[in-house]
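Participant: Below are the structure tokens for one structure; questions will follow.
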Amino acid sequence: MNIPQVNELISKGIKVIDPQTTYIDKSVKITGKGIEIHPNTFIKGETEINDNCTIGPNSFLNNAKIDRNVKITFSHVEDSHVEDNCTIGPYSRIRNNSEIGKNVTIGNFAEIKASTIGENSRINHYSYLGDAFLGTNVNIGAGTITCNYDGEKKNRTSIGDNSFIGAGTMLIAPIKIGKNAKTGAGSVVTKNVNDFVTVVGNPAKILDNA
């Protein structure tokens, strides 16, 4: 714990539920209003937290920039930026210079690594997105994985605006999914998918009369 730093924040109006189980580095900037920090939370490095955020319980932030109206529960955010009105967790991990756009939901057991997630997108359950770019209003179904490592190098996945990725989809990078595209549950996508196209199966093929 870092009681002097915590007490200083409390004196400035930051609500720390349990100072005895909260650690906050002196380098951290918490200057907004309406902030609550819950027990067993560690906030380190050059982290910055803005207005009306709820952090914790059981969360770890390191070199994270957290904008307004963000809720982070039982989760880990490191070297990344979370924009306004996002909900993170429980049990999620965001790392390696990821950018999380406004109004994004990242639910339980999701990992985001070196990725950009566009506004209003949803990654609700049990997914891994690595080296990925998502446009706006993208839905990622449970169990989706960007298969970004081929044994030698990391590869990129791009998913266009308004696309719907079905549960259990494997996206074999490098790959590009167009705007308003869809993948069926359990698809293994090995080739680029054009705009407004639905693919299904293993390997995924265009669905007739989609």
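The values are calculated or read from the model by the stated rules, or taken from the named source; none is laboratory data. Bear in mind that the values here come from a model prediction, so they are computed numbers and not experimental data. Neighbour counts are summed over all protein chains in view; Cβ atoms, including those assigned to glycine, are modelled from backbone coordinates with ideal geometry.
Participant: How many residues does the range 123-142 hold that are part of a loop (DSSP other than H, G, I, E, B) and either of a type outside the set (Gly, Ala, Ser) or in contact (Cβ under 8 Å) with a residue 60 or more places away in the chain (or both)?
Facilitator: Count: 4.
Participant: Conditions: (1) buried (at least 22 other Cβ atoms within 10 Å of the Cβ); (2) of a type in the set (Val, Ile, Thr); (3) touching a Gly at 6+ places or on another chain (Cβ under 9 Å); (4) farther than 20 Å from residue 127 by Cβ. Residue 14 meets all but one. Number of the miss?
Facilitator: If we test residue 14 against (1) buried (at least 22 other Cβ atoms within 10 Å of the Cβ); (2) of a type in the set (Val, Ile, Thr); (3) touching a Gly at 6+ places or on another chain (Cβ under 9 Å); (4) farther than 20 Å from residue 127 by Cβ, just (1) comes out false.
Participant: Just for strands (runs of 3 or more DSSP E) wholly inside the range 67-122: which have at least 2 residues that are buried (at least 23 other Cβ atoms within 10 Å of the Cβ), touching a strand residue (DSSP E or B) at 6+ places or on another chain (Cβ under 8 Å) and not basic (Lys, Arg)?
Facilitator: 105-113
Participant: Follow-up question, since we're still on this one. If I filter the range 163-198 down to residues being under 17 Å from residue 129 (Cβ atoms) and of a type outside the set (A, V, I, L, M, F, W, C), which single residue comes out as surrounded by the most Cβ atoms within 10 Å (Cβ to Cβ)?
Facilitator: 183
Participant: Being hydroxyl-bearing (Ser, Thr, Tyr), at pLDDT 95 or above and either under 16 Å from the mean Cα position of the chain (by Cα) or not in a strand (DSSP E or B) (or both) is the filter here, so list the residues in the range 31-53 that pass it.
Facilitator: Scanning the range 31-53 gives a single hit, 47.
Participant: Would you call residue 142 more than 26 Å from residue 175 (Cα to Cα), among the hydrophobic types (A, V, I, L, M, F, W, C) and surrounded by 18 or more Cβ atoms within 10 Å (Cβ to Cβ)?
Facilitator: No, not satisfied.
Participant: Next question, about the same structure. Among the listed residues 49, 117, which satisfies the condition of being of a type in the set (A, V, I, L, M) and closer than 25 Å to residue 183 by Cβ?
Facilitator: When all the criteria are applied, what remains is 117.
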